[in-house]
Structures are given as structure tokens and as C-alpha cells.
Amino acid sequence: MSDTAAVMTFHPQPQPGEPKPWAFPAPDRGTLPNELTLLTSHRPGQQVIAVEVVLDAPLDAEPEGLDGVATIMARALSEGTDEHTAEEFAAELERCGATMSAHADHPGVRVSLAVPASRLDKALGLLAEALRAPAFPDDEVKRLVANRLDEIPHELANPARRSAMALYKELFAAELRCSRPRQGTEETVRGIDAEAVRAFYEAHVRPSTATVVVVGDLTGIDLPALLADTLGGWTGTKAAPRPRPAITSDDTARVVIVDRPGAVQTQLLIGRTGPDRQDPVWAAQVLGTYCLGGTLTSRLDRVLREEKGYTYGVRAFAQVLLGSADGSGAALLAISGSVATEVTGPALADSWQVIRTLAEGGLTDDERDFAVQNLVGVAPLRYETAAAVADTFAEQVEQQLPDGFQAELYARLAATGTVEATAAVVRAFPLDHLVVVLVGDAAAITEPVRELGIGPVTVIS
């Protein structure tokens, strides 16, 4: 054995560098000769290109008695064109490694495409084909209608979906489209055929009122030429964007129980409407609502989950229903969760007490700081993918927001103080203007809930 001890040399520990500043990207805006609006963003390293097409085909444009036709049209866009059958179109998408989907919501129809950058040209050609010349074959439309009819019983059996249907029906007048299920009811969907789908397409799908978003690594891609060769060939009659309907609601305090005899849990949905993202209070409202019920450490969860053990989790949120540039849009402000049947009354009582306590004592600086860190600090991770960025650009278009809205929102969140966030969340959830929907066993929960005195109680089936 050597008398000389081995000496290990340690290299200096690496030190962290200064964090790089981050801001949500702003899109480059342009227009094709066919008046199709373009929003593009080069994101180096994002080799899967995300494409979103926003069509001005809102749910309130559906003909009377045909709720759901926008959904069927959206699903049928990829079910065959003048050049390819449904099977051939699906095979062509698969050959270029692309996925395409579409859905309808209150602002309009959204078509989404994801494709490797190396196959963008082929995929954009297929997307343009689906928008320009969908076939809407009778047999495919019948199949999509049958599929939709099969979905409806499952939605009605889902307590969360059923509570949302009941809440929208309570809040909004019957003539407002947002009072009814987005994808239609059994009665309205049964009346949809290929002729109705073609008529809705011809009336509302055109390039002059559409926007296409393209996000990803565009290195080496002549995007203007590629778009001109594909989506530039899409033609249609010119039209002004459809005006947005004014949304009014009735948030008089009341309780609606959707009876589910024998249910061992009660689904809670407590809500009202508030301002959309155009309103200056939006940032403070988002921050305050997060403190109330946005995470496992929020006020509601600390009491209902950690202290009382009533639930696995309760969430408070603000969800835009329909945004409007003139500020006449609306968002749903809500609290949702599920609790054991026998503690439905106590859970509601404790929820009301949480809101009262918040109004009386306010949020703490620590709660505010934690919310800012979670909402703003993790934003770079949230937008790591091209799809996440493209989705937000498309949302801004749908809600008639300026291109820089999301970047400005993060700055406003960071600048919002504790007092401002408290005031916003208290205004968002006034106890005398909350509609409560409970999906559960009416025989077990009606009297305990009525005794709370939070509003008149109605039981429906």
C-alpha cells in the first residue's frame, strides 16, 4: 500500500446565471389577397408546427331548431372533400404525420392542425382542401349525427356536465344560445342532415372573416409562398364579421337541485356571470379567484378538503363565454366540486363562510405572492410548445382581444396588489347573487340546503 494518500480534486461548483427575461410572444400580422388574416410566430426549435384556423361561424348563427349543426359541420370538414373520400383524406394526413381536428363554440368554429415542419406544405394543402371544398357526404353526416346522439346520454349521466347544463339554463334567457348545450340536444341534433350542414357552411365559412395562426420553427420555410399556394386558393363571398350578441343574465340567489336518487355524492356548481377579458378588472379578478380556489392551497381547499375532509378538491374559476371588443361579452365566474351526500349542507355553509371571511379580512400578501408566482412565474413552461402559443393567439382572435393582450396580462398580474385582488374576488362572488346547482339525491339534501337560507330551492329531474 502506498504511503501517499490519493488526493481528489473538486472542480468549482457551477453557479447559476442571471435568468433570461421572458415575455409572451407577439404574432406577426398579415393578410392574403383573398382577405384571409394571418398571424404567424417563428419559434426556434419547435419542429412540430401548430396551425389554428378561426372561422366566424358562431353558435348563435345556427338556425332555429338546429342547435348542434356547427358541431356536426366542424366534425365533417375532415370527412371527405371533392378530391378525397373520408378514408383517403385520413390516409393522406397520416402519411404526412399530421393530426387535424375541429370543434364549435360560442365565438365560432376552430380547426386545429399539428404537423412536422418538414411536411407543412402537404398538410397545409389538405387543410386548404378541407376548408375550400368539403364534400359533406350524406352517409358521413348521418354517421356523425348518430355519434353525437350516442354522446348525449353519457353527458346527461355525467354530474359535472349535467350541473353545467342546468346552470346555463338558469342564468340565461331561453332565446340566448348560451342557455342551451353547445353541441345541441337530442331533439335538435336529430333534425340535422347534410343539406343543413352545407347551408351552414355556405353561409358562414369564408376567408374574408377567417384567421389562420401558424406557430413553430419556420427556418427554411417560405411561409408566404406556401400559404399563397394553399390557403390562398380558398375563395368565398365577402362579408362583414357577424356582430356579437349582448349577453345578459339573471343571477338572483337561488338553489336548483337536479335529483339523482341514491347518489352518494353531490356535484356542486355555484356561479354567476361577470365581465370578460376586455374589462380592466380582469387581471385582479383572475388573481383573487386563484387565491379563493385555484389550487390545493387556496382558501376553499384549505377548509373543505384539508380541515373538513368533505372533498378531494374544490375549484374557483373565471371562464370567458363570449368576448366582445365593445365590452359587452361575459365570463362565467364559478365554484365547482363534489362532496359526500351527507355533508352537502355543511359544505355549502362552510363555502359561504370562506367567502365572508375573505370579504371581512381580505387576502394576505403571502397568498397574493404565491398566486403571482404560480400564474406568472410558470408561464414560460406553459408556453414551451408551439401548440400552446397558437392556441392563445387563436383565443385572442375569438375574444376580439389585441395581439399583445396576453403579454400585457402577465405584466398586470405581477403589478396587482393584495387589496386590489381582494376587492375583485369579493365583487366576483357576492353571496346574494350566486346561483347554486346541486346534482345529487334530493331526498337527502333538500332540507339541509333549504335551512341554510341561501336562496329558494327548486328540485328538477
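The values are calculated or read from the model by the stated rules, or taken from the named source; none is laboratory data. Note that the coordinates shown come from a computational prediction; the quantities given were computed from them, not determined experimentally. Cβ sites come from the backbone with ideal geometry, for glycine too, and all protein chains shown count toward neighbours. These accessible areas exclude ligands, DNA and RNA; they are computed on the full protein's heavy atoms, side chains included. Shrake-Rupley method; radii C 1.70, N 1.55, O 1.52, S 1.80 Å.
Measure of size requested: the Rg and Dmax of segment 1-67, with Cα atoms as the atom set and Å as the unit; please supply both.
Here Rg and the maximum Cα pair distance are 28.9, 96 Å.
How many angstrom lie between the C-alpha centres of segment 186-263 and segment 131-184?
14
May I ask you to derive the relative contact order of the chain, considering only C-alpha pairs under 8 Å and at least 6 residues apart, and to give it as an integer percent?
Relative contact order, the chain: 22 percent.
Note down the nm distance, to one decimal, between modelled labels 7 Å out along Cα→Cβ at Val378 and at His154.
2.9
May I ask you to give the percent of accessible area on segment 45-144 that is carbon plus sulfur, with a probe radius of 1.4 Å?
47
Based solely on C-alpha atoms, express the radius of gyration and the Dmax of segment 95-148 in angstrom.
Using the Cα atoms of segment 95-148, the pair Rg, Dmax is 13.2, 37 Å.
Counting heavy atoms of the protein chains only and a 1.4 Å probe, report the per residue accessible area for segment 312-380 as a whole number of Å².
Computed with neighbouring chains in place, this is 40 Å² per residue.
Once you order the gyration tensor axes a ≥ b ≥ c over the Cα atoms, which shape class does segment 66-123 get: rounded for a/c under 1.5, otherwise prolate or oblate by comparing a/b with b/c?
Judged from the Cα gyration tensor, segment 66-123 comes out oblate (a/c at least 1.5, b/c at or above a/b).
Extension gain Glu408-Thr9, at 0.36 nm per residue separation less the Cα-Cα distance, in nm?
Full extension from Glu408 to Thr9 adds 138.7 nm.
What does the accessible area per residue of segment 169-238 come to in Å², with a 1.4 Å probe and no ligands, DNA or RNA counted?
47
I need the phi-derived Karplus couplings for segment 30-37: 6.51 cos²θ - 1.76 cosθ + 1.60, θ = phi - 60°, integer Hz, Gly and Pro marked x.
Here the 3J(HN,Hα) series is x, 9, 7, x, 7, 6, 6, 7 Hz.
For the chain, what is the mean residue ellipticity at 222 nm derived from helices alone (per DSSP H run of n ≥ 4: -39500 (n - 2.57); sum divided by total residues; nearest 500 deg cm²/dmol)?
Mean residue ellipticity at 222 nm (helix-derived): -11500 deg cm²/dmol.
Taking H as built 1.01 Å from N, whose amide H comes closer than 5 Å to the amide H of Gly329, not counting residues under 5 places away?
Placed amide hydrogens put Asp276, Ser324 under 5 Å from Gly329.
Testing the spin-label approximation: label points 7 Å from Cα along Cα→Cβ at Ala173 and Asp138. State their distance in nm.
Modelled inter-label distance: 4.1 nm.
Which shape class applies to the chain: rounded if a/c is under 1.5, otherwise prolate when a/b exceeds b/c and oblate if not, where a ≥ b ≥ c are the square roots of the Cα gyration tensor eigenvalues?
In terms of gyration-tensor shape, oblate.
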